[in-house]
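Scroll down for the structure; my scribbles are underneath it.
The values are calculated or read from the model by the stated rules, or taken from the named source; none is laboratory data. Computed from a predicted structure; not experimentally measured. Here Cβ is always computed from backbone atoms with ideal geometry, including for glycine, and neighbour counts include all displayed protein chains. These accessible areas exclude ligands, DNA and RNA; they are computed on the full protein's heavy atoms, side chains included. Shrake-Rupley method; radii C 1.70, N 1.55, O 1.52, S 1.80 Å.
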Amino acid sequence: MEYAALNTKIHAMHSRFLSYEDFEKLSGTKSVIEAGRHIKQLPGYAGVMRNLEGERLKRARIERSLNLSLFDDYMRLHKFVTGYKFCKFLEAFFMDNEINLIKIILGLVLGERTEDFSQEELLNEKVSAYMPNLSKLINSKTISGFMENLSGTSYYKPLMRIYNRDATIFQLEMQLDLFYYMNLWDKRKLFTGSERRAIEHIIGTQIDLRNIMWVYRFKRYYSFTPESVYAFLIPINYRLKAQDLVNLVSQKDLENQNVLNKVLISRYKNIFNEATSLESGYYQKMESVYSKTFNATGSGAVFAMHYLFLKKLEIDNITNIIESVRYGLSPQECMKHIYYPEKR
Amino acid sequence: MIEKMKYINLAGPVNEIDRVIETYISNYEIQLEYAAKELYNSENVEAFTDPNPYVRLFEDSKNFAETALSYSGKLYPIQKEEAENIITRAVDALDTQKSELKKFDEKRGEWAKVLDVISHFANMHFNIEDLAKFKNFDCVFGKIPLSGFMQFEAYLYNDANILFEKFDNDGENVWCVYFTPKPFREKVEAMFSSLHFEPVDFPAEVGGTKLLGTPEDSMFILRGKIANANSKAAEYVEDLLDIVGVTHERMAAACRFVKDMYYCYECRKYAGKTSYGYFMFMGWMSETDAAKLSEEVDKDEGVVLILETNNDSILSKPPTKLKNNIIFRPFEFLIRMYGVPSYGELDPTPLVAITYSLFFGMMFGDVGQGAVLSAAGFLLYKFKKMALGSILGIVGISSVVFGFLYGSVFGFEDILHSHIIKPAEDIMKMVMFSISLGAVTILVCMGYSIANAAKKKQLGKMLFGSNGIAGMLFYISVIACALAIVVFKINIPAAVIVLAVGLPLAAIAFKEPLTELVTGGGNGRKRKKKQKSGGGMGAFVTVMELVEVILSFFTNTLSFVRIAGYAICHAGLMSVVMMLSGAENGSTNFIGIILGNAFVMALEGLIVFIQTMRLQYYEMFSRYYEGGGKELIAYKDIKN
C-alpha cells in the first residue's frame with residue numbers, strides 16, 4: 001500500500017506513451033522539421049518542445065529537448081514518492097540523466113563540442129528546479145572553475161580523484177558513468193527482502209549488459225587496446241563472470257557475432273544476435289527483466305524504475321526515427337530501427 | 001586482557017566543535033576514524049575541508065619548539081594576537097639573521113615528504129634495492145585511486161602476468177606494488193596507467209645519506225635525519241629570544257597555544273559535517289572509558305554521544321588495547337615485537353609472562369646471579385626506561401627461586417644446605433620433567449587456540465584444526481598410549497590405539513569437508529571458492545600436511561628438552577669456573593670467581609633469554625597466536 005499514490009500516478013502517465021501507430025505516423029514524415037512539428041503535438045513532449053520553431057527544429061536540438069522531458073517526468077513522479085529510502089534510491093537511479101547533462105556542460109566548457117548550442121536550451125525551468133547549481137555550472141569559464149562549481153555534489157570526489165592526474169575529457173566522462181553504477185549498486189542495500197532481490201536483479205543485469213556493450217564498442221568502434229579497456233569497466237559482476245568479460249576484452253575479432261556469443265558463455269549468450277542491433281538487444285533484455293520482476297514482486301520502486309526506463313526507450317526510438325527520416329529511409333525501414341515492446 | 005572496544009559517535013552543532021575537541025577528545029583515549037571514510041557513500045556527510053588557519057604559524061613555531069619545551073615553569077594564558085605577534089617577530093628575526101635555518105627547513109620538508117610516501121609501505125619487509133635486481137621481472141611501486149583498484153580487483157587480479165600486492169589504503173588511494181615479467185612490462189604499464197596508477201620513486205639517497213634496506217629502515221634513517229636537522233636548528237634559535245626581547249615564558253606559552261589550536265583544527269579532519277549543521281566524530285575507545293565519557297557528556301546539553309551496540313556493521317576494525325597487571329605488563333613488549341593480537345583474540349600476555357619466567361628460571365637457576373640480573377634489570381628500567389629491563393627484573397626473580405630449588409649461589413653448591421634437585425646429578429629426572437612440562441605447555445597453547453577459534457566462531461578450526469579439539473585429542477591419545485605402554489606396561493589392544501590416534505588424525509585430514517558438513521555449507525554464494533586440486537595432487541598434499549602435523553607435535557615436544565639442557569649446562573659451566581679459580585683445592589681465587597660469574601652471567605643470560613624467546617615464538621605462538629591487530633592510537637597521543 002505504501003506505493004498506492006505513486007502507482008496511480010504512473011498508470012496515468014503511461015497513457016501518454018506513444019502507440020505503435022504514433023510511431024508509424026512519425027516515420028511517415030518527409031523531413032526533420034515535419035517530424036519535429038509532429039512531435040510537438042504529442043502530449044508527452046509539447047512542453048519541452050515549446051520553444052523550438054522553424055529553423056531551430058534541428059535533429060540535435062530535438063534530441064536534447066526530448067531528453068529534458070525526462071526531468072519533467074521525474075519531477076512529477078518524485079512528488080508522489082514516499083519514504084526516505086525510496087526517495088534516495090530513485091535519486092540515485094535517475095542520476096544518469098543528470099550525469100548526461102553534466103557531460104554536455106563539460107564539453108561546452110572545454111569548447112570541444114560547440115555544435116549549434118545555446119545555453120538557454122539547457123536552462124529549462126524543470127531542469128533548473130532539479131539542479132539548482134545548473135546555471136553556475138554552465139557559466140564556468142575554465143575546467144578548474146567547473147570543478148570548483150561541482151564541489152559539494154557527490155560527483156566532485158570521484159572526478160577530483162582523476163582530474164588531478166591529467167585525465168582527458170573522455171576519462172572524466174567515463175568516471176562519472178562508473179560512479180553512477182557503483183553508487184546505484186550500493187544504494188540497492190536500502191531495500192530488503194524480495195524487493196531488494198528484484199532491484200538487484202534489474203541493476204545487476206543492467207550493469208552486466210553495460211559492460212558487454214562498452215567492451216564491444218570500445219573494441220569495435222574505438223579500437224582500444226585490451227589493456228586500456230579495463231579502466232572503463234564497472235567493477236561489479238552480477239551474473240556475468242569477470243573471466244568471461246576478460247575473455248571478451250582479449251578477443252581479437254569482434255566483427256563476427258559468433259565470436260561474441262562463444263565468448264559470452266553465460267546467460268547473456270543470445271542477446272546480441274544478428275537480427276537486432278546492440279541497443280535493441282539491450283532494451284529487449286531489460287524490458288523482459290523489468291516486466292518479470294514487476295509481475296513477481298509488484299514493487300512500486302520497480303514500477304517507477306520501469307516507467308523511467310520505458311520513457312528513455314521511447315525517446316531513443318523517436319530519435320532513431322528522426323535520424324532515419326533525415327537519411328530519407330522509407331517508413332518500413334524506419335520502423336526497423338526501433339524496438340517497441342509488445343505489451344505494456 | 002584485551003580491552004573491550006566501543007564504537008562511539010560524538011555529535012553536536014558545528015559551533016561547539018572546538019569545545020568538544022578540547023574537553024573530550026583531548027582528554028580521553030579515543031582512536032578517531034575519518035568520518036567521511038566510515039560513512040562511505042553517504043552524501044549527507046562531508047569532511048571538514050576548510051584549511052587549517054594555524055598551519056603557517058605552527059610550522060613557524062616549530063623553530064622554537066625545543067626552546068619552548070625547555071621551559072618548565074608555569075605558563076600564563078595568552079591571546080591569539082599576542083602569540084601570533086611573538087612568533088612572527090621571532091621568525092622575522094630568524095629570517096634576517098639566520099638564513100641558514102631556511103636550508104634546514106627546506107631539507108626537512110623534502111625529507112618529510114619522502115617519509116610520508118615510504119611510510120605507506122612500512123609493512124613491506126623486503127629490501128627495496130633487492131626487488132629492483134630481478135633479472136626477468138620488473139617491480140613498480142605506486143598508488144592507484146580506489147575506483148581503479150576496484151576495477152583491477154574485479155578484472156585483472158587473476159592476470160597471469162601481474163603479481164599485485166596492496167600495502168595501504170588511505171581512503172583515496174591504494175598504495176601497492178606490482179611485478180611483471182620484463183617482456184610484458186609495456187602492456188602492463190599501459191594498463192595500470194589507464195587505471196590512473198601513479199608510480200612512486202624511492203630516492204636512493206637523501207642529503208648525502210644512502211637509504212638502504214626495507215622501507216622501515218629507510219623510515220628510521222629519515223626520522224633520524226629530520227631529528228638531527230631539528231636539533232641543529234634549535235641551536236641557532238637558542239640565543240634568538242634575547243634578540244627579539246621575548247621572555248622564555250611568553251615564547252613557551254605562544255608555542256603551546258599555537259600547537260593546541262593547530263591540533264584542534266587538524267582534529268576536525270576526522271569529523272564529518274552533516275547538511276544540518278552538525279558535526280560528528282567517530283572512533284573507538286575502551287568500554288570503561290566510553291562509560292566515563294558517556295556520563296560526562298550526559299551532563300553536557302549541546303553534545304550527544306551514541307555508543308554503537310553492534311560492532312559488526314562498522315567499517316573499520318576495532319583496535320587492540322592490552323591491559324594487564326603490573327607483573328604481566330612488561331611482557332607485552334615481547335608480544336608487540338611479534339605483532340599485536342587482533343581484537344577478537346585472547347590476550348597471550350599472562351601465558352607468556354608465566355611460561356617465560358618459568359622457563360628462564362629453570363634454565364638459569366642461581367640465587368646470586370638471578371638477584372644480580374634482577375637488580376640490573378630494574379635499574380635499567382628505572383633510569384633508561386628500557387622495556388626489556390623490567391622483563392629482566394622479573395625473570396631474575398624467577399631465577400632466584402629456582403636457585404633455591406637447585407641449591408646454587410654464584411656457582412657454590414654447598415652454601416645452601418637444602419636443595420630439591422641438582423640438575424647436574426639428576427639428569428634423567430630433569431629431562432623427563434622438561435618434556436612433561438613441554439607437553440603440558442603445548443596442551444595449554446592448544447586450549448588457547450581452541451578458545452580463540454571459539455571466540456571468532458571458526459567452528460571448523462576449533463573442531464578439526466591441527467590445534468583444535470581434534471589435534472588435542474590426538475596429542476592426548478598419543479601421550480596416554482605411550483605412557484601406558486612404556487611406563488605402566490599395560491597391554492592396550494592395537495585396535496584401541498588405532499582408533500584413538502587415527503580418528504582425530506582423520507578429522508584433521510578431512511577438515512574442509514567436515515567443516516562444510518558442520519556449518520551446513522548452505523550459504524554457497526557467500527563462501528569463497530576453494531582452489532580445486534586434482535585427486536592425486538589433493539591426496540598427496542593432505543598426506544604431506546598430516547606428516548607435518550605429526551612431526552611438529554613430536555619435534556615441538558622434544559624441543560623443550562633444551563630447558564633441562566641449559567639447566568645442566570649452567571651447572572657445568574659454573575663447576576668449570578669453580579675448578580679454574582681453584583675453589584675445589586681450598587685456595588679460592590675470588591677475582592677468578594667474580595670474572596667467571598660475570599662471564600657466565602653475560603653469556604648464559606643472553607643465550608637463555610634467546611632460547612626462551614624461541615620457545616615462545618616458535619613452539620608456542622605457532623600453535624595459538626594469530627596477531628594481525630592494530631594498537632589503539634588515541635588522538636591525544638598523536639598530538640603529543
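Does the range A:325-339 hold any residues that are part of a helix (DSSP H, G or I) and crowded, with 21+ Cβ neighbours inside 10 Å, and which are they?
Hits for the range A:325-339 are A:VAL325, A:CYS334.
Might you check whether a residue that is within 14 Å of another protein chain (Cβ to nearest Cβ), free of Cβ contacts under 8 Å to residues at least 60 places away in the same chain and out of contact with any strand residue (DSSP E or B) (no Cβ under 7 Å at 6 or more places or on another chain) occurs anywhere in the range B:193-216?
So the first thing to find is which residues in the range B:193-216 are within 14 Å of another protein chain (Cβ to nearest Cβ), and the list is B:193-200.
Pick out the ones that are also free of Cβ contacts under 8 Å to residues at least 60 places away in the same chain and you get B:193-199.
Applying the additional criterion that residues be out of contact with any strand residue (DSSP E or B) (no Cβ under 7 Å at 6 or more places or on another chain) yields B:193-194.
Yes.
Determine whether the range B:143-155 contains at least one residue that is touching an Asp or Glu at 6+ places or on another chain (Cβ under 8 Å), aromatic (Phe, Trp, Tyr) and in contact (Cβ under 8 Å) with a residue 24 or more places away in the chain.
Within the range B:143-155, none of the residues are touching an Asp or Glu at 6+ places or on another chain (Cβ under 8 Å), aromatic (Phe, Trp, Tyr) and in contact (Cβ under 8 Å) with a residue 24 or more places away in the chain.
Condition (residue is buried (at least 16 other Cβ atoms within 10 Å of the Cβ), at pLDDT 85 or above, in contact with a Gly (Cβ under 6 Å, 6 or more places away or on another chain) and within 20 Å of B:ALA480 (Cα to Cα)) applied to the range B:539-559: is it met by at least one residue?
Checking the range B:539-559: at least one residue is buried (at least 16 other Cβ atoms within 10 Å of the Cβ), at pLDDT 85 or above, in contact with a Gly (Cβ under 6 Å, 6 or more places away or on another chain) and within 20 Å of B:ALA480 (Cα to Cα).
Yes/no matrix, rows are residues, columns are (1) at pLDDT 85 or above; (2) open to solvent by 60 Å² or more (accessible area, probe 1.4 Å); (3) more than 14 Å from chain B (Cβ to nearest Cβ):
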| residue | (1), (2), (3) |
| --- | --- |
| A:THR225 | no, yes, no |
| A:LYS262 | no, yes, yes |
| A:THR293 | yes, no, yes |
| A:PHE303 | yes, no, yes |
| A:LYS311 | yes, no, yes |
| A:THR319 | yes, no, yes |
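So, in the range B:264-302, exactly how many residues are of a type outside the set (Phe, Trp, Tyr) and in a loop (DSSP other than H, G, I, E, B)?
8
Would you say B:ILE568 is loosely packed, with under 13 Cβ neighbours inside 10 Å, part of a helix (DSSP H, G or I) and in the same structural domain as B:ILE421 (by TED's automatic domain parsing)?
no
Suppose the filter is modelled with pLDDT under 80, within 30 Å of A:LEU150 (Cα to Cα) and within 40 Å of the chain's Cα centre (by Cα); does B:PHE64 pass it? Full working, then the answer.
Working: modelled with pLDDT under 80: yes; within 30 Å of A:LEU150 (Cα to Cα): no; within 40 Å of the chain's Cα centre (by Cα): yes.
For B:PHE64, the condition - modelled with pLDDT under 80, within 30 Å of A:LEU150 (Cα to Cα) and within 40 Å of the chain's Cα centre (by Cα) - is not met.
Could you tell me whether B:MET363 is closer than 14 Å to B:LEU606 by Cα and hydrophobic (A, V, I, L, M, F, W, C)?
Answer is yes for this residue.
Got at least one residue in the range B:321-341 being over 30 Å from B:ILE17 (Cβ atoms), open to solvent by 50 Å² or more (accessible area, probe 1.4 Å) and of a type in the set (S, T, N, Q)?
Looking for residues that are over 30 Å from B:ILE17 (Cβ atoms), open to solvent by 50 Å² or more (accessible area, probe 1.4 Å) and of a type in the set (S, T, N, Q), one finds at least one in the range B:321-341, hence yes.
Which residues, taken from the range A:143-160, are open to solvent by less than 30 Å² (accessible area, probe 1.4 Å) and at the interface with chain B (Cβ under 9 Å from one of its Cβ atoms)? Steps first, answer last, please.
Filtering the range A:143-160 down to residues open to solvent by less than 30 Å² (accessible area, probe 1.4 Å) leaves A:145-147, A:150, A:155, A:158-159.
Once the filter is applied, which keeps residues that are open to solvent by less than 30 Å² (accessible area, probe 1.4 Å) and at the interface with chain B (Cβ under 9 Å from one of its Cβ atoms), the range A:143-160 yields only A:PRO158.
Check B:TRP111 against each of (1) on the phi < 0 side of the Ramachandran plot; (2) crowded, with 18+ Cβ neighbours inside 10 Å; (3) within 14 Å of chain A (Cβ to nearest Cβ) and name the one condition it does not meet.
Result: B:TRP111 passes all but (3).
State which residue is farthest from B:GLY471 (Cα to Cα) when the search covers only the range B:495-524 and only residues that are modelled with pLDDT of 85 or more and open to solvent by 60 Å² or more (accessible area, probe 1.4 Å).
Filtering first and then ranking leaves B:ALA495.
Across the range A:208-253, what is the total count of residues that are among the charged types (D, E, K, R) and closer than 15 Å to B:PHE192 by Cβ?
Residues in the range A:208-253 being among the charged types (D, E, K, R) and closer than 15 Å to B:PHE192 by Cβ: 1 in total.
Considering the range A:10-25 alone, what residues qualify as being open to solvent by less than 60 Å² (accessible area, probe 1.4 Å) and within 22 Å of the chain's Cα centre (by Cα)?
Matches in the range A:10-25: A:ILE10, A:MET13, A:HIS14, A:PHE17, A:LEU18, A:SER19, A:PHE23.
Kindly indicate whether A:LYS189 is without any contact (Cβ under 8 Å) to a residue 60 or more places away in the chain, at the interface with chain B (Cβ under 10 Å from one of its Cβ atoms), exposed (fewer than 14 other Cβ atoms within 10 Å of the Cβ) and part of a helix (DSSP H, G or I).
Considered against the rule, which asks whether it is without any contact (Cβ under 8 Å) to a residue 60 or more places away in the chain, at the interface with chain B (Cβ under 10 Å from one of its Cβ atoms), exposed (fewer than 14 other Cβ atoms within 10 Å of the Cβ) and part of a helix (DSSP H, G or I), A:LYS189 comes out as yes.
Give the number of residues within the range B:122-156 that are within 14 Å of chain A (Cβ to nearest Cβ), in contact with a Cys (Cβ under 8 Å, 6 or more places away or on another chain) and open to solvent by less than 20 Å² (accessible area, probe 1.4 Å).
Final tally of qualifying residues: 3.
Tell me which residues, restricted to the range B:157-184, are open to solvent by 30 Å² or more (accessible area, probe 1.4 Å), more than 7 Å from chain A (Cβ to nearest Cβ) and under 17 Å from B:GLU198 (Cβ atoms).
Hits for the range B:157-184 are B:GLU165, B:LYS166, B:PHE167, B:ASP168, B:ASN169, B:ASP170.
Pick from the range A:33-50 the residues that are outside any loop (DSSP other than H, G, I, E, B) and open to solvent by less than 10 Å² (accessible area, probe 1.4 Å): which of them is farthest from A:LEU66 (Cα to Cα)?
In this case the residue turns out to be A:ALA35.
Just a yes or no: is a residue in the range B:51-67 more than 14 Å from chain A (Cβ to nearest Cβ), hydrophobic (A, V, I, L, M, F, W, C) and open to solvent by 90 Å² or more (accessible area, probe 1.4 Å)?
The answer is no, given that none of the residues of the range B:51-67 is more than 14 Å from chain A (Cβ to nearest Cβ), hydrophobic (A, V, I, L, M, F, W, C) and open to solvent by 90 Å² or more (accessible area, probe 1.4 Å).
Hey, could you check the range A:78-88 for residues that are surrounded by fewer than 20 Cβ atoms within 10 Å (Cβ to Cβ) and assigned to a helix (DSSP H, G or I) and say which is farthest from the chain's Cα centre (by Cα)?
That would be A:TYR84.
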